[in-house]
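Undergrad: Take this structure first; my questions come after.
The values are calculated or read from the model by the stated rules, or taken from the named source; none is laboratory data. Note that the structure is predicted; figures quoted are calculated from it, not measured. Note that we place each Cβ from the backbone using ideal geometry, even for glycine, and neighbour counts take in every protein chain shown. These accessible areas exclude ligands, DNA and RNA; they are computed on the full protein's heavy atoms, side chains included. Shrake-Rupley method; radii C 1.70, N 1.55, O 1.52, S 1.80 Å.
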Amino acid sequence: VQLQASGGGLVQTGGSLRLSCAASGHTFSSYFMGWFRQTPGKEREFVAAVSWSGENTYYADSVKGRFTISRDNAENTAYLQMNSLKPEDTAVYYCAADSINSLRYAKSYAYRHWGQGTLVTVSS
């Protein structure tokens with residue numbers, strides 16, 4: 001599966017953005033989808049994940065209550081709605097997909113397929 005992330009940009013503190021991850025291929029609906037983020041000099045950090053059905057969602061503590069992950073299997077697209085953005089949310093955001101064990105949703109090494117990244121900048 002190939003992934004294309006989009007929707008990043010510059011936003012002020014408290015603002016919102018919605019990231020999209022469009023997938024090609026016929027196996028999207030069987031994959032876990034995850035969002036990770038990375039800043040220079042730091043390791044890639046888990047943000048959120050959603051199970052293949054969309055029924056189960058998982059979040060990092062730092063974004064819980066502010067971000068919402070969802071997916072539309074008919075459209076082969078996953079989304080990350082980001083509200084109440086903070087300067088510390090500034091990062092390159094990556095979407096990822098794979099048929100993983102649900103216990104490993106937060107582990108970047110568990111995902112084989114990655115999008116190219118989209119930059120989110122939150123100004124103070």
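Undergrad: Take residues that are touching a Ser or Thr at 6+ places or on another chain (Cβ under 6 Å) and open to solvent by less than 20 Å² (accessible area, probe 1.4 Å) and tell me which of the strands (runs of 3 or more DSSP E) falling wholly in region 23-68 contain 1 or more.
TA: 32-38, 45-50
Undergrad: What number of residues in region 4-39 are over 20 Å from Ser51 (Cβ atoms), more than 16 Å from the chain's Cα centre (by Cα) and not β-branched (Val, Ile, Thr)?
TA: Within region 4-39, residues that are over 20 Å from Ser51 (Cβ atoms), more than 16 Å from the chain's Cα centre (by Cα) and not β-branched (Val, Ile, Thr) number 5.
Here's the yes/no breakdown for (1) assigned to a strand (DSSP E or B); (2) over 18 Å from Thr13 (Cβ atoms):
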| residue | (1), (2) |
| --- | --- |
| Leu85 | no, no |
| Tyr109 | no, yes |
| Gln116 | no, yes |
| Val122 | yes, no |
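Undergrad: Counting only residues that are aliphatic (A, V, I, L, M) and surrounded by fewer than 21 Cβ atoms within 10 Å (Cβ to Cβ), how many does region 1-16 have?
TA: Qualifying residue count, region 1-16: 3.
Undergrad: Would you mention how many residues in region 77-104 are modelled with pLDDT under 95 and buried (at least 16 other Cβ atoms within 10 Å of the Cβ)?
TA: 2
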